[in-house]
1. Got a number for residues in the stretch 155-180 being open to solvent by 50 Å² or more (accessible area, probe 1.4 Å), of a type outside the set (A, V, I, L, M) and free of Cβ contacts under 8 Å to residues at least 60 places away in the same chain?
2. If residue 112 meets every condition in (1) loosely packed, with under 12 Cβ neighbours inside 10 Å; (2) over 22 Å from the mean Cα position of the chain (by Cα) apart from one, which number is that one?
3. For the stretch 19-42, how many residues are at pLDDT 95 or above, over 20 Å from residue 74 (Cβ atoms) and open to solvent by 10 Å² or more (accessible area, probe 1.4 Å)?
4. Only one of 200, 215 is open to solvent by 40 Å² or more (accessible area, probe 1.4 Å), out of contact with any helix residue (DSSP H, G or I) (no Cβ under 7 Å at 6 or more places or on another chain) and within 26 Å of residue 33 (Cβ to Cβ); which?
5. From the set of residues in the stretch 18-43 that are assigned to a helix (DSSP H, G or I) and more than 13 Å from the chain's Cα centre (by Cα), which is nearest to the ligand (Cβ to nearest atom)?
6. List the residue pairs whose Cβ atoms are under 6 Å apart, where the first residue sits in the stretch 142-154 and is without any contact (Cβ under 8 Å) to a residue 12 or more places away in the chain and at negative phi, the second is open to solvent by 10 Å² or more (accessible area, probe 1.4 Å) and near the ligand (Cβ under 7 Å from one of its atoms), and the two are 6 or more positions apart or on different chains.
7. Hey, among the residues in the stretch 3-17 that are near the ligand (Cβ under 7 Å from one of its atoms) and in a strand (DSSP E or B), which one's surrounded by the most Cβ atoms within 10 Å (Cβ to Cβ)?
8. Are any residues in the stretch 44-54 away from the ligand (no atom under 16 Å from the Cβ) and either within 18 Å of residue 80 (Cβ to Cβ) or assigned to a loop (DSSP other than H, G, I, E, B) (or both), and if so, which ones?
Amino acid sequence: MENKAIVLSGIRPTGNLHLGNYFGAVKNFVKLQDEFTCYFFIADYHMLTTHPKPENLQGNVRQVIIEYLAAGLDPEKATIYLQSDVPETTELYLFLNMNAYKGELERVTTFKEKARKQPDNINAGLLTYPTLMAADILIHKSHLVPVGKDQEQHLEMTRTFARRFNRMYKVDYFPIPRAFNFDDELVKIPGLDGSGKMGKSEGEGNAIFLGEDPKTIHKKVMRAVTDSGPTEKNQEKSEPIQNLFTLMGVVSDPETVQYFDDQYNNCTIRYGDLKKQLAEDIIKFTEPFRERIKELAADKAYIDKVIEMGAEKARASAVPTVRGVREIIGFRKIY
Ligand code: TRP
């Protein structure tokens with residue numbers, strides 16, 4: 001019998017995958033699916049906290065699935081599903097909410113931030129976002145959760161809720177999940193605006209998407225922020241220039257990077273040439289993704305099948321967990 005650790009991660013369906021998402025997370029998901037029993041899901045219940053229109057919900061979700069598949073997630077290896085296809089999650093969420101306290105939920109940083117950003121919509125779903133996330137994780141009795149720094153506090157709450165449940169009912173039912181933190185070993189992908197990391201909220205032109213057309217890539221890279229050029233040999237690079245070199249480091253040959261680095265160091269570099277090469281190499285790097293996204297987007301039946309298969313596999317794992325919880329709490333067996 002297989003006894004691999006269970007890895008789970010949730011994906012917020014907020015638009016297209018960019019190089020930052022790819023190198024920061026997705027590339028690792030692709031590796032994890034070979035080693036562990038993996039669950040990756042689109043957190044569409046969570047999206048309701050911001051009250052999306054029904055017509056905007058499913059389109060985004062499908063596009064996210066398409067792009068993750070194009071990036072290498074394999075529905076035969078990992079269970080890829082929609083959170084809303086596993087309604088058992090909401091039952092577990094209800095149970096966990098009974099032992100989640102207003103005080104601890106109000107202290108969560110992301111809640112405080114959201115409450116500040118949307119003061120007219122501080123709904124209970126927003127407050128209990130961490131309990132729903134705990135339900136996502138515990139429903140598969142997950143061991144490892146790959147998360148970025150911004151999600152660590154949520155995961156800590158999941159650990160608290162799991163321990164609390166185990167203690168309250170004197171059981172050893174839920175494994176206490178751990179963060180699978182690969183933040184430190186990863187290259188942080190900078191954006192093109194000269195500072196900080198790549199992100200879509202940083203403004204138009206900062207991020208390059210996996211499915212982006214070559215012309216736009218070229219245009220965005222040529223417009224990237226630079227400086228006025230080195231004036232002394234072996235001068236330290238300014239942030240915008242270092243950023244272009246970092247990007248080159250992930251998409252270009254080492255010799256190419258060395259070539260431009262030497263030119264920078266002896267002050268003969270022309271940023272136009274550097275950018276042209278970078279654009280070309282990004283276009284080359286993204287080509288297979290671009291093509292795969294197109295293919296998958298045209299194959300509605302296949303995407304439907306992937307979603308259907310994911311739902312089935314995810315529920316096959318979720319149902320026994322909730323059945324066990326119902327029994328522990330003292331409810332009748334209904335499924
Ligand atoms: N909160 C996560 C984010 O904003 C998404 C998410 C929902 C998640 N449920 C999860 C991540 C469970 C890991 C595990 O990115």
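1. 7
2. Tallying (1) loosely packed, with under 12 Cβ neighbours inside 10 Å; (2) over 22 Å from the mean Cα position of the chain (by Cα), residue 112 fails exactly one: (2).
3. Number satisfying all stated conditions: 0.
4. Criteria check complete, one pass: 200.
5. So, considering only residues that are assigned to a helix (DSSP H, G or I) and more than 13 Å from the chain's Cα centre (by Cα), the one nearest to the ligand (Cβ to nearest atom) is 32.
6. Matching pairs, first to second residue: none at all.
7. 8
8. 51, 53
The values are calculated or read from the model by the stated rules, or taken from the named source; none is laboratory data. Not measured: the values here are computed from a predicted model. FYI the Cβ positions are ideal-geometry reconstructions off the backbone, even for glycines, and counts take in every protein chain you see. Accessible surface is based on the protein model in full, side chains and every heavy atom, while ligands, DNA and RNA are left aside. Shrake-Rupley method; radii C 1.70, N 1.55, O 1.52, S 1.80 Å.
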